Amino acid sequence: MSVTRKERVVRICLVVLFTVLCFFILVPFYAVTISAFKPGEELIRYGLNLRFDLNVMSLDNFVYLFTGDHAYFTWFFNSLLLTVVQVVLTLLISATVAYGFSAYDFRGKNFLFICVLLIMMVPFEILLLPLYKLIFNIGLMNSYSAIVLPSIANAATIFFFRQYLSGLPKELIAAGRVDGATEYGIYVRLILPIMKPSFAAMAILNGMNSWNNFLWPFMVLSNEGKYTLPIGLKTLLTPYGNNYDLLIVGSFFSILPIFLLFIAFQKYFIDGMTAGAVKG
């Protein structure tokens, strides 16, 4: 099959675009990676740079990370626990809500789904003050519940799951009912296994959001023992001195969980992101 000149130009443009995007994505990662092997004094003198100099690079920062007197791994495991709980609850609750929108017809269904879409359009920063006041009034300040509860029914995740489920044949649910399965059994035994690709995609996206979340946890947590990793890294920068040795190597090490999460679910990620776009 011959390729027209127009198609070749489009392909070349796409290759150039992807190359430029990869450059802007990988260069900061490269800079953080090599800086993790440099002493803090080097960062103070030259800033975050791309200079590869074996004369100043060593494993001292990593030794300090694992053996030094600091609270890094307290922050790390706080973030890990919070991310796991938040992702699991968000996926289960959002998937259940989305299944209700997709599988059943009830009064007010379209209105409620429009409300979900409207919530997606509201920036979280607009909700910060009323949400903070609500959390304060119900006594959840300085607790992980204050971080988890506002996001377990995530509007974007509900919308994605609903679009994914809309691509599944309705006959599947009808066949389950004919076989005598309960509504709960249809959802748990038939629908959830089919949703694995969408769960993988949303696990990665929600996991990234939870792991990197800084502003809201910073507002509701005051106990240093409960700090998450982004807050903990922020405390290394103070008016009295900056601990760049731990900051850079800690930032590098904080990338690993999300990287491993993507590697674990990459088999389903593309399928999950594209399947909901095509209706059966």
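Fully extended, how many nm does the chain gain between MET208 and VAL148 (0.36 nm per residue separation, minus their Cα-Cα distance)? Before the final figure, lay out the partial values.
Values: separation 60, 0.36 × 60 = 21.60 nm, distance 1.44 nm.
Roughly 20.2 nm would be gained on extension.
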Notebook entry, point to check: Under 19 Å from the 7 Å Cα→Cβ point of ARG177, by amide nitrogen: which residues of segment 150-171?
Noted result: 165-171
Notebook entry, point to check: Can you give the extra length, in nm with one decimal, that the chain gains between ILE93 and PHE218 once fully stretched, where that is 0.36 nm per residue apart less the Cα-Cα distance?
Noted result: 42.5 nm
Notebook entry, point to check: What does the accessible area of LEU190 come to, in Å² to the nearest 10, when a probe of 1.4 Å is used?
Noted result: 60
Next item on the list: With unit charges on the beta carbon (Lys/Arg positive, Asp/Glu negative), name the residue among PHE23, LEU54, SER35 whose Cα is farthest towards the positive pole of the charge dipole of segment 5-57.
Entry: PHE23
Next item on the list: Please give the contour-minus-distance gain from VAL188 to PHE73: 0.36 nm per residue of separation, less the Cα-Cα distance, rounded to one decimal in nm.
Entry: 37.7 nm
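Using the Cα centre of the chain as the reference point, and only Cβ charges (+1 on K/R, -1 on D/E), how large is the resulting charge dipole? Debye, rounded to the nearest 20. Don't skip to the answer; put the middle values down first.
Values: 19 positive and 14 negative charges, 212 e Å.
The calculation lands at about 1020 debye.
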Check: For LYS170, what accessible area in Å² do you get when you roll a 1.4 Å probe over the heavy atoms of the protein chains, rounding to the nearest 10?
Finding: 110
Next item on the list: Evaluate the distance, in nm, between pseudo-label points positioned 7 Å from the Cα of ALA264 and of LEU118 along their respective Cα→Cβ axes.
Entry: 3.8
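Assuming R0 = 51 Å, can you tell me the calculated FRET efficiency for the pair THR235 and LYS196, based on Cβ-Cβ distance, to the nearest 0.05? Intermediate results must be reported in sequence, preceding the final value.
Working: r = 39 Å, r/R0 = 0.76.
That gives a FRET efficiency of 0.85.
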Next item on the list: State, to one decimal in nm, how far the label point of SER166 lies from the label point of ILE138, with both points 7 Å from Cα in the Cβ direction.
Entry: 3.0
Note to self: For the chain, place one equal point scatterer on every Cα, skip the solvent, and apply the Debye formula. What is log10 of I(q)/I(0) at q = 0.10 Å⁻¹?
What the structure shows: -0.73
Item checked: Selected from PHE73, PHE111, PHE136 as most flexible by GNM, with the chain as the system and alpha-carbon contacts under 10 Å -> PHE111
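For the chain, with all protein chains present and a 1.4 Å probe, just round the carbon and sulfur fraction of the accessible area to a whole percent.
On the way: 11930 of 17160 Å².
Its accessible area is 70 percent carbon and sulfur atoms.
In square angstrom, what is the accessible area per residue of the chain with a 1.4 angstrom probe?
61
The values are calculated or read from the model by the stated rules, or taken from the named source; none is laboratory data. All of these numbers come straight from a predicted model, not from anything done at the bench. Please note: Cβ atoms are built from the backbone with ideal geometry, for glycine as well, and neighbour counts cover all protein chains shown. SASA here: full protein model, heavy atoms, side chains in, ligands and nucleic acids out. Shrake-Rupley method; radii C 1.70, N 1.55, O 1.52, S 1.80 Å.
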